[in-house]
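Structure first, then comments.
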Amino acid sequence: MNLRTFIDAVRETGDLATIRRPVDPYLEMAPVIAALDGRPVLFESVVGSEFRVLAGQCSDRRYFALTLDCPQDQVMLRLAEAFASPQKPPAVARADAPCQQVEMDPADLRRLPFLTHYAGDAGPYATAAIAIINDPDSGPNVSFHRCLRLDDRRMAARIVERRGTDTALQKTPGDLPVALCIGLPLHVLLAASMAPEPGVDELAIAHALAPTPVVRCLGNDLLVPAEAEFVLEGRITHRAAAEGPFVDLTETWDGMRQQPVIEIDRITHRQDAIYHALLPGMLEHKLLMGMPKEPSIYAAVNQVVACRNVSITPGGASWLHAVVQIDKRHADDGRRAAEAAFRGHPSLKHVAVVDMDIDLYDAHDVEWAIATRFQADRDLMIWENQPSSSLDPSASHTPGQKSRSAKMGLDATIPWEGPEQGPRLHQFQRVVLPKAELSRYLQTGQEP
Ligand SMILES: Cc1cc2nc3c(=O)[nH]c(=O)nc-3n(C[C@H](O)[C@H](O)[C@H](O)COP(=O)(O)O)c2cc1C
């Protein structure tokens, strides 16, 4: 399913909001997207740009299930399978690549409807661009980088240190060729958010999820998804410019830093292209950040305990908190699962481990498990001064060093008393009162 067929599908289901009146990407569009958080929204008339804007295609787990054609609780398992078995995507000729239908002449970033979200932002940002580069040793790498537009040809990109793009840039004496792709099928966005071992191409993970034909760029050797709406070909330079402030995932300000400048040499796009705007800190950002970490936690926990499912929760900024569901078989399974979860997602800060009868997508249910199965002096684990996420404002941050924070695990599973789980088990089980058939008690037409 590409962006166009996704739009058709959510129009059909009634999820798509369509805005026909002109909306300004400068400070006006972001509050509209925020008001519709959780729904895809198509802006058909954009002030200052000939392109339409789509937001929110990843703002609910339902849209992932729709795209991957599976039930919602199977999405994580589909990701885990694709992560474990990437498949090389086929290359197509330019004539078959929608992303190269039009070459903008001259290339001018100001024609793209980059949004300014907050009055305190450093400027207009591209937030849904995936950067494709070639590491001189390990080959293709794909990751998101927010890009601040500096002028018609230059952007400053936030490139987190020691990850794939930064590692490749540090190894490259001159400019590093890059293709920034915007307006992508949802499964490609999911794959781009993953951080597999060096040498594993995220586009091969995407192709294992759904067909992802690629095409060679016009001005360099990089292979990009042929279905992209826009491809910005250019170079990541070793020159730096001020980037930020910017409101990030945690809905708090990320400050100004000196970051690499990207110079754009060429822009190609589909006819009548649709620009994807991703509102930072809102559900789309949260789900895209968090969901790809669920399979890596799942894999790490499964090495020590039978893991049944993992949820990275939106209340924890979809990055810092997880719920891990296990099939408990030994007294210390909860503790071992918590330890492994941190190995699966090193930025994780707090994890709760629950049994199979808990709905891990329901915060009330998870809290109920903590309330009824957890004792702090027995089931709480704390690790002090650990490497942590740079996005947590409460962590310790020293420039040039990895951020550090405390980490906490809560074992909210039922205490283990052997395979038969003796008579105490029933005291931990929820007693469900069957719901009455209300039509027998309410008069016709009376609202419950
Ligand atoms: C919506 C979204 C926005 C992101 N923005 C950035 C960013 O601005 N800079 C950055 O370095 N990483 C960003 N990331 C995280 C990278 O995509 C992630 O670190 C990447 O998976 C690292 O993989 P790599 O080590 O293979 O490069 C973002 C992720 C998502 C989902």
Fully extended contour minus Cα-Cα distance, from W368 to D8, at 0.36 nm per residue: 125.6 nm
Relative contact order [Cα under 8 Å, 6+ residues apart], segment 292-416, whole percent: 25 percent
Residues with amide H under 5 Å from that of R39, placed H, sequence gap 5 or more: none
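Please label the shape of segment 48-121 as rounded, prolate or oblate, based on the square roots a ≥ b ≥ c of the eigenvalues of the alpha-carbon gyration tensor (a/c under 1.5 means rounded; beyond that, a/b larger than b/c means prolate, else oblate).
Since a/c reaches 1.5 but b/c is at least a/b, the shape of segment 48-121 is classed as oblate.
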Taking segment 144-298 and dividing mean pair separation by its residue count, relative contact order in percent (alpha carbons under 8 Å, at least six apart): 26 percent
Residue among T252, P399, I33 farthest towards the positive dipole end of the chain, charges placed on Cβ: P399
Alpha-carbon centroid distance for the pair segment 304-340 / segment 30-70, whole angstrom: 31 Å
Relative contact order of segment 182-235, defined on C-alpha pairs under 8 angstrom at six or more residues apart (%): 36 percent
Cut-off under 5 Å, modelled amide H: who pairs with V53 long-range: F43, Y275
Student exercise, segment 3-287 dipole from Lys, Arg, Asp, Glu Cβ charges, in Debye to nearest 20: 120 debye
Mean-position separation - Cα centroids, segment 230-269 and segment 135-173, in angstrom: 9 Å
Rounded to whole Hz, the Karplus (6.51, -1.76, 1.60) HN-Hα couplings of segment 153-161, x for glycine and proline: 10, 10, 9, 9, 10, 6, 10, 5, 5
Counting all C-alpha pairs of segment 3-287, share separated by more than 27 Å (%): 35 percent
Kirkwood hydrodynamic radius over Cα pairs of segment 171-298, then Stokes diffusion coefficient at 4 °C and 1.567 mPa s, in µm²/s: 79 µm²/s
DSSP-defined antiparallel bridges as percent of all bridges, the chain, nearest 5: 75 percent
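Using mean Cβ contacts within 10 Å as the protection proxy, how do 405-417, 317-329 order, highest first? Kindly include the intermediate steps, with their values, before the conclusion.
Numbers: 405-417: 19.7, 317-329: 22.6.
Highest to lowest by the protection proxy: 317-329, 405-417.
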Separation of the E251 and E44 label points, Cα + 7 Å toward Cβ, nm: 3.2 nm
Filter on K349/K402; K171/K293; K293/K402 - keep pairs with C-alpha separation over 24 Å: K171/K293
Computed helical MRE - 222 nm, the chain, DSSP H runs ≥ 4 contributing -39500 (n - 2.57), nearest 500: -6500 deg cm²/dmol
Computed Rg/Rh of segment 292-416, alpha carbon atoms with Kirkwood Rh: 0.96
Longest to shortest principal axis, alpha-carbon extents of segment 298-368, angstrom: 30, 26, 15
Under-5 Å amide H pairs with A107, H placed in peptide plane, nonlocal only: I267
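Each value in this text was obtained by applying a stated rule to the coordinates, not by laboratory testing. Remember, predicted model here, so these are calculated numbers, not experimental data. Quick reminder, even Gly has a Cβ in these numbers, built from the backbone with ideal geometry, and neighbours come from all protein chains shown.
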